[in-house]
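Data block below; observations after.
The values are calculated or read from the model by the stated rules, or taken from the named source; none is laboratory data. Only a predicted model underlies this, so the values are computations on that prediction, with no experimental measurement involved. With ideal geometry, Cβ positions are generated from the backbone for all residues, glycine too; neighbour counts draw on all protein chains shown. Only protein heavy atoms, including side chains, enter the accessible area calculation; ligands, DNA and RNA are left aside. Shrake-Rupley method; radii C 1.70, N 1.55, O 1.52, S 1.80 Å.
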Amino acid sequence: MKLTARGAIALAFAATIAGYVLTSWLGLGFLIGLFFVAGSLLGVILANRRELLSLVVTPPLVFFCATFVVELLRAFSSASIVGSLALGLYTSLSAGAPWLFAGSAVVLAVAWRRGLRDNVRDLREELRAGAEVPRPRREQTFAPEPEGYFEPRVYGTARREE
């Protein structure tokens, strides 16, 4: 079974949300990070090889989005939604930073092993090929002004005083 990059991202997102739900039930804070790393690892293992490049950059975004959704839902039950959301995001993202770095490193290492290097090489070749395509030259559509363009001009003849 192979996943697209979107499927792998959705898997990591769902696993992170599941970690938040289990943490709220069991009170074990490390489950969030553990589920995030496990979901990210499973996603990168099941993803198509040609989509590894887009998958490697997403773990921080997945973790932030999952944290934002959970903290927004928590904030609705408080008196100050904005203050509660800001404090909840700060606390959750600070507590989850080591897990975020671990998940990003695991995804990068596994993707590199699965062929990320080839994806980067293919992207470079595509970019070079696009740069070598000759662009059509435009005809000059304006007539350059003679010297003194910025000097004031006097049109016609001077008016005679009567």
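With the requirement that a residue be open to solvent by 60 Å² or more (accessible area, probe 1.4 Å) and either charged (D, E, K, R) or at pLDDT below 90 (or both), what does region 81-130 give you? Within region 81-130, R113, R117, D118, R121, D122, L123, R124, E125, E126, L127, R128 meet the criteria. Kindly evaluate F13 against the criterion of being of a type outside the set (A, V, I, L, M), farther than 20 Å from R117 by Cα and surrounded by fewer than 21 Cβ atoms within 10 Å (Cβ to Cβ). Here the answer is no, as F13 does not meet what is asked.
This table checks each residue for (1) at pLDDT 95 or above; (2) over 17 Å from the mean Cα position of the chain (by Cα); (3) within 21 Å of L116 (Cβ to Cβ); (4) open to solvent by less than 40 Å² (accessible area, probe 1.4 Å).
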position: S24; (1), (2), (3), (4): no, yes, no, no
position: G27; (1), (2), (3), (4): no, yes, no, no
position: G33; (1), (2), (3), (4): no, yes, no, yes
position: V44; (1), (2), (3), (4): no, no, yes, yes
position: P60; (1), (2), (3), (4): no, no, yes, no
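Within region 78-87, the residues that satisfy the criterion of being in a helix (DSSP H, G or I) and more than 17 Å from I17 (Cα to Cα) are I81, V82, G83, S84, A86, L87.
Report whether or not R74 is farther than 24 Å from R117 by Cα, touching a residue at least 12 places away in the same chain (Cβ under 8 Å) and basic (K, R).
Yes.
Which of the residues that make up region 1-32 are among the β-branched types (V, I, T) and closer than 13 Å to C65 by Cβ? Within region 1-32, I9, T16, I17 qualify.
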